[in-house]
Each structure stands twice: as C-alpha cells, then as structure tokens.
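This report concerns only the one structure given below.
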Amino acid sequence: MKSLLIIGAGGHGKVAAEIAKNLQYTKIDFLDDGSSEAIGTFSELPLFVPKYDACFCGIGNNKFRKQILGQVKAAGGKLATLIHPTAYVSPSAVIGEGTVVEPKAVVNTHSQVGKGSIISVGAIVDHDTVLGDCCHINAGAIVKAGGQVEECKKVDAGEVVLGF
C-alpha cells in the first residue's frame, strides 16, 4: 500500500489526489486548516509526515508552497513527484521533487523543472527551458524553447514566455 499525505485540500490538492490515484497510491489523506475532508491542520504537519510514504504540497500559492516543502523536509518527509500518465515528459528532462505534471502537459527535451513546481493541464514547457523552484506554468501556458522562469513565478493561462 502506497500512502500519500497532501497538504492542502483545495482545488490543487484535489487534482493532485486524482493524479496520485492514477499512480497507484492507495491511501491519500489531506491536511488543511479549513476543510472537513482533512485529517488534521497545517500546524500538525510534523506529527503526520512520518506516517506516510510521501507527501505532496497541494497549495497553489507558490511562496506558501515553498514554505510547506521546507517544513516537510524538516520533518523528515519524502516529497512525491506526480506525473499524470497522459503527460509527456522527455527522458532527458529533469523534474524536481514535489512537482506535478498534469494531464496533457508537455515537458520537452533537456528541460529542467525546479522542485515544487506545477505544470498545469495542457501547459507546454519546450526544449532546453529552465524553471526555478516552485513555479506554476498554468493551463495552456507555453514556455518556448530556451525560455527561463524564475523561482516562485506564475506564468498564467495562455501566456507565452519567449526563449532563444
């Protein structure tokens, strides 16, 4: 049985939970301060982390997500990387821990995606791109070949980041 603790039970956390089910996680629980679905609160994170095979931060706010990733690591937790089966990730791409690549997204040849990032549904990260930690490439956004996105930046839906 593979177990996953998702920190954040909002929309992003629920997307992560569905992807995790596709990846054969059989026990999935949430921590959240404002959800009846949660088994505990954010402040209880150190108590719950050791009870799970891995953790995933399901919070959309890039800076808060970065903070939570640090708390998971400080509590001795392992960060899950979730890649939906319909996403394409090149074998030469590097995906940082704690990142999610959602359905129909593309991470192309020799790209580097920092830890804790979100590559949303249908987003395109073309070849030779570099994304810093805790970025969010939103639905349908494109980071063109050779493009760079700094840490904690959100590239919004439909936006195009130029490259070479």
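Here are the numbers for the structure shown:
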| quantity | calculated |
| --- | --- |
| The chain: most fluctuating residue of GLN112, GLN24, GLN148 per GNM, C-alpha cutoff 10 Å | GLN24 |
| Charge dipole (debye, nearest 20) of region 82-161; +1 at Cβ of Lys and Arg, -1 at Cβ of Asp and Glu | 140 |
| Of [x] 46, 45, 32; [y] 50, 42, 32; [z] 46, 28, 26, the label for Cα extents along the principal axes in Å derived from the coordinates | [z] |
| Average Cα contact separation per residue, region 82-161, under 8 Å, 6 or more apart, as relative contact order % | 22 |
| Fraction of alpha-carbon pairs over 16 Å apart in region 1-69 - percent | 40 |
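Read-outs throughout are calculated quantities, based only on the coordinates presented, and are distinct from any laboratory measurement. On a predicted model such as this, the values are computed, not experimentally measured, just so you know. Backbone-built Cβ (ideal geometry, glycine too); neighbour counts: all protein chains shown.
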